[in-house]
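Structure record follows, encoded as structure tokens.
Read-outs: derived from the displayed coordinates by stated rules, not from any lab. What you are looking at is a predicted structure, and each value in this text was computed from that prediction instead of being measured. For neighbour counting, all protein chains shown are included, and Cβ atoms are generated from backbone atoms with ideal geometry for every residue, glycine included.
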């Protein structure tokens with residue numbers, strides 16, 4: 001997959017709805033996100049997206065692409081996402097796996113929010 005297509009693929013995951021997740025996120029995917037339950041399977045992430053408003057604007061910076069082996073792409077980037085008056089900044093990684101010619105899915109995604117205090121699950125308020 002060419003770099004431009006990688007970033008279009010990733011951006012559509014941020015802005016698209018549940019149908020995008022259903023098509024592109026593997027059921028075997030693992031995700032680390034800054035919201036409970038913090039560690040998600042692909043199925044849990046897809047279910048969570050159904051009840052989450054999508055981002056209206058997404059910009060990537062400091063993008064990196066690695067191809068450690070045939071059919072595997074690892075990306076890293078800084079994201080700035082906007083929805084209404086809410087802005088979200090994070091450092092992210094994703095791992096994409098080729099299923100067949102021109103067909104890819106996400107098997108790993110991680111977000112580290114910037115400028116946000118993430119609750120410690122061991123500390124009860």
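List 92, 29 from most exposed to least, where exposure is judged by having the fewest other Cβ atoms within 10 Å. Walk me through the numbers on the way to the answer.
Values: 92 18, 29 23.
Lowest count first: 92, 29.
Listing 107, 25 from fewest to most neighbouring C-beta atoms within 10 Å gives 107, 25. The fewest-to-most ranking of 109, 101 by surrounding Cβ atoms within 10 Å reads 101, 109. Dividing the mean sequence gap of close Cα pairs (under 8 Å, 6+ apart) by how many residues the chain holds gives a relative contact order of 22 percent. Adding -39500 (n - 2.57) for every DSSP H run of four residues or longer, then dividing by how many residues the chain holds, sets the calculated 222 nm ellipticity at -6500 deg cm²/dmol. Is the shape of the range 73-112 rounded, prolate or oblate, going by the alpha carbon gyration tensor and its root eigenvalues a ≥ b ≥ c, with a/c under 1.5 for rounded and a/b larger than b/c for prolate? Note, shape of the range 73-112 comes out prolate.
Over the Cα atoms of the range 21-81, the radius of gyration divided by the Kirkwood radius equals 0.99; this is the Rg/Rh ratio. For the chain, the alpha carbon convex hull comes to 118 Å³ per residue, rounded to a whole number. Distance between the modelled labels on residue 1 and residue 72, one decimal in nanometres: 1.6 nm (7 Å Cα→Cβ projection).
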